[in-house]
1. Assess whether Gly140 counts as being closer than 16 Å to Asp87 by Cβ and without any contact (Cβ under 8 Å) to a residue 40 or more places away in the chain.
2. Filtering segment 146-159 down to residues that are among the polar types (S, T, N, Q) and under 17 Å from Asp56 (Cα atoms), which residue is most open to solvent (accessible area, probe 1.4 Å)?
3. Among (1) surrounded by fewer than 17 Cβ atoms within 10 Å (Cβ to Cβ); (2) closer than 22 Å to Asn22 by Cβ; (3) in contact (Cβ under 8 Å) with a residue 40 or more places away in the chain, where does Thr170 come up short?
4. Mind checking which residues of segment 132-145 are of a type outside the set (Val, Ile, Thr) and either in a strand (DSSP E or B) or open to solvent by 50 Å² or more (accessible area, probe 1.4 Å) (or both)?
5. Looking at the structure I just gave you, is Thr162 part of a loop (DSSP other than H, G, I, E, B) and either buried (at least 16 other Cβ atoms within 10 Å of the Cβ) or touching a residue at least 12 places away in the same chain (Cβ under 8 Å) (or both)?
6. How many of the residues making up segment 47-70 are open to solvent by 20 Å² or more (accessible area, probe 1.4 Å), over 14 Å from Gly187 (Cα atoms) and not polar (S, T, N, Q)?
7. Could you give me the residue pairs with C-beta distances under 8 Å whose first residue belongs to segment 40-52 and is in a loop (DSSP other than H, G, I, E, B), whose second residue is open to solvent by less than 80 Å² (accessible area, probe 1.4 Å) and of a type in the set (Val, Ile, Thr) wherever it lies, and which are 6+ apart or on separate chains?
8. Condition first: outside any strand (DSSP E or B) and either touching a helix residue (DSSP H, G or I) at 6+ places or on another chain (Cβ under 6 Å) or free of Cβ contacts under 8 Å to residues at least 60 places away in the same chain (or both). Now tell me which residues in segment 53-73 satisfy that.
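The values are calculated or read from the model by the stated rules, or taken from the named source; none is laboratory data. None of the values given here were measured: they were computed from a predicted structure. Note: ideal-geometry Cβ built from the backbone for every residue, glycine included; neighbour counts use all protein chains shown. Accessible surface is based on the protein model in full, side chains and every heavy atom, while ligands, DNA and RNA are left aside. Shrake-Rupley method; radii C 1.70, N 1.55, O 1.52, S 1.80 Å.
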Amino acid sequence: MGTAAVALSGCAALSVLTQAQNFAEVKDQVDALSTTTTMPTSGFAVYEGNTVIGADYGSNDNVVLLGDAELTATFTSTGGTMVGTLDNFSGLVLTDAQRTQVENGNVPDDIISAAKSASGDVAITGGVIAGSAVAANSSGTVRMDGSDFAVSGNLMGEFRGTDAAAVQLTEGATFNMTRDGVNPTTGSTIEVDAVQ
């Protein structure tokens, strides 16, 4: 994207572009790692990365929130625990055609220039580590473009790489993001990718 487009579209567009690039880089890094086979049995680790949360609220009404992620895992001989925060959000509301473009890896300037600032955070709580697997809960509200997006429900994932160098979380069966109390039409998705 050219500097003129950045200047015209403002801080939200620059933020969402940077977050999308950061998410893609960290996701590629985490995806390239195998499931951790030997987990730490003591100590703790802090993981930093990015998250993408999405929901489809009907025809040409696809909401995508991009944010930062920080997770802390405490390891024990029997597994461990994990907590964290997702914050610093920006977002997009996409048409169905734009959503297809983004899913195919094409993010044209007109999509980026439509980015919106967002505020709020999502807490990751009650994380239980069992082997390389982790299960946690999510809860929080992100406000964007006059609407409240309430995030809740369970997350599932795993540690990846040597000595649990990275962690990846996705939606569990109860994960949901409502907009002003209204459920999405086809469910909600989330991915969190973070590295030490």
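1. No.
2. Here is the first cut: in segment 146-159, the ones among the polar types (S, T, N, Q) are 147, 152, 154.
Those still in the list that are under 17 Å from Asp56 (Cα atoms) too: 147, 152.
Details: Ser147: 21, Ser152: 55 Å².
Once the filter is applied, the top-ranked residue is Ser152.
3. Status for Thr170: all satisfied but (3).
4. Result: Ala133, Ala135, Ala136, Asn137, Ser138, Ser139, Gly140, Arg143, Met144, Asp145.
5. When the stated conditions are applied, Thr162 passes them.
6. 4
7. Thr41/Thr76; Ser42/Thr76; Gly43/Thr74
8. Across segment 53-73, the qualifying residues are Ser59, Asn60, Asp61.
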